[in-house]
Amino acid sequence: MTDFIERISSEFRNRFQDDFVLIKAPGRVNLIGEHTDYNDGFVLPAAIDKAIWLAMNLNDTGRIRLFSVDMNEEYSVELSPNLEKSGMGWPDYILGVVDHLRKHGMNSVGFDCVFGGNVPIGAGLSSSAALEGGVLYGLAELNNWEISKMKMAQIAQKAENEFVGVQCGIMDQFASLNGKEAHALKLDCRTLEFEKVPFRDPDFNIVLCDTGVRRELAGSEYNVRRSQCEEGVSIIQKSYPEVKKLRDVTLEMLEENRGEMDEVVFRRCKFVIEENQRVLDSCDDLERDNIQAFGQRMFKSHDGLQHEYEVSCKELDILVDIAKNVDGVIGSRMMGGGFGGCTINLVRTESVELFADIVKEKYRQQTGKEASVYVTTISEGTHLLKQDVHTPKES
């Protein structure tokens, strides 16, 4: 962490000869609750210790001046009334935030931002959400804006939906901004109310295993799954007009209408209803410090994602099967939209090194590919690193 801070701080001073605020914006994991968000259900994410650090200050140039330490790329654009995409990719997440802040009546002067970190890009740990939230937090600090973290999450989500063009839910931005050390966050995706749930067992680590498979199918198949869920709801609404989303459907209601729907639609709906209940039950497990029961629900979640929702892939299934047979692993499942990305594993601290070695060796043997392994802990959400803050210029 210190190396990142020194590198980013030094880069900012060399480029802009100025003071700055320093923000830490973490990546996130989702412990359980996959494909429940767009069905108005519950999810259980947490911020992690992999993060992006951002050095920021206002400037009097009328420009947004950006530098990505990890990409070794810079971008500068005039702060015009109509911001357009950069054509480079990563600057768009920042430009989208500025664009949507303006729509909420918050107009910043030009600003400088240097950032970098250790959130693996493309592994499903939400590096883009961390960047969006970090920029929002920094601009609010520099401009003395009063914005709640939930409002920041909503602005960041809209920026990604409408400016970048990625139809994500709110979970990633919410978790990165609102994370609490040693706690997961039970988020109600309908009301956006949330509760902190203790995740405090020091004997376990969260270990992420990256398949190296990027999720080319995830976008199109995501839309198919979403429409299948909506089809199931429309059938059930004929008998139960009060139903709005699968959140409102019980397994008994689904079974009652099974003859009216395609078998695939039935399986999709069944998974979502059961997964939603798993989130609620998992929160009870954590409240009782029953980490073993929580781990078993992770295995069941993967089984449903593999066989009922059918969004896993060969490589994800191989990683989960390897994990099941390693002493010290009590839970494992695919994480995210599917068709690639990471598995999330609950591993006894004393077994982490052995687990990583076994995963890498057996995954290489079975797929011919290399698996990256990341050991993480649950951390605080986006915040100002006060000990590293220099007094910013008056806006």
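The values are calculated or read from the model by the stated rules, or taken from the named source; none is laboratory data. Keep in mind that what you see is a predicted model, and the values were worked out from it rather than measured. For neighbour counting, all protein chains shown are included, and Cβ atoms are generated from backbone atoms with ideal geometry for every residue, glycine included. Keep in mind that these areas ignore ligands, DNA and RNA; they rest on the heavy atoms of the full protein, side chains included. Shrake-Rupley method; radii C 1.70, N 1.55, O 1.52, S 1.80 Å.
Details
- Semi-axes of the equivalent ellipsoid for region 1-71, Cα gyration tensor, largest first, Å: 34, 16, 9
- Extended-chain gain in nm, criterion 0.36 nm per residue less alpha-carbon gap, Arg214 and Glu256: 11.3 nm
- Stokes-Einstein D for region 242-379, Kirkwood Rh over Cα pairs, 37 °C, 0.692 mPa s (µm²/s): 200
- For the chain: relative contact order, % (alpha-carbon pairs under 8 angstrom, 6 or more apart): 25
- Within the chain, the percentage of alpha carbon pairs spaced more than 35 angstrom apart rounds to 29%.
- Once the convex hull of all Cα atoms in region 111-196 is built, its volume per residue stands at 122 Å³.
- Over all pairs of different C-alpha atoms in region 150-198, the reciprocal of the mean inverse distance, the Kirkwood hydrodynamic radius, equals 11.3 Å.
- Residues with amide H under 5 Å from that of Gly27, placed H, sequence gap 5 or more: Ile48, Lys50, Ala51, Ile52
- Charge dipole of region 83-202 about the Cα centre (unit charges at C-beta), most positive-ward option of Leu142, Phe194, Gln154: Phe194
- Over the chain: helical MRE at 222 nm, DSSP H runs n ≥ 4 each giving -39500 (n - 2.57), nearest 500: -13000 deg cm²/dmol
- Apolar share of the accessible surface for the chain: 44 percent from carbon plus sulfur atoms, 1.4 Å probe.
- Cα Rg, Dmax (largest Cα-Cα span) when computed across region 7-116, Å: 16.4, 49
- Alpha-carbon centroids, region 291-330 and region 218-254: separation in whole Å: 25
- Kirkwood's formula applied to the C-alpha pairs of region 88-159 gives a hydrodynamic radius of 12.6 angstrom.
- Taking a straight line from the alpha carbon of Lys245, these lysines sit under 18 Å away, with near neighbours fewer than eight places off in the same chain left out: Lys270.
- Taking every full run of DSSP H in the chain, the ones that stretch at least 27 Å from end to end by Cα along their long axis and average -1.0 or higher on the Kyte-Doolittle scale are 218-237, 263-287.
- Loop GluC sites (Glu not before Pro), region 169-232 (other Cβ atoms within 10 Å of the site Cβ: 10 or fewer; DSSP): Glu193, Glu216
- Once the Cα gyration tensor of region 27-185 is diagonalised, semi-axes √(5λ) in Å: 26, 16, 15
- With K and R counted +1 and D and E -1, the other residues having a Cβ less than 11 Å from that of Val373 yield a net charge of -3.
- Dimensionless Rg over Rh [region 182-297; C-alpha; Kirkwood]: 1.04
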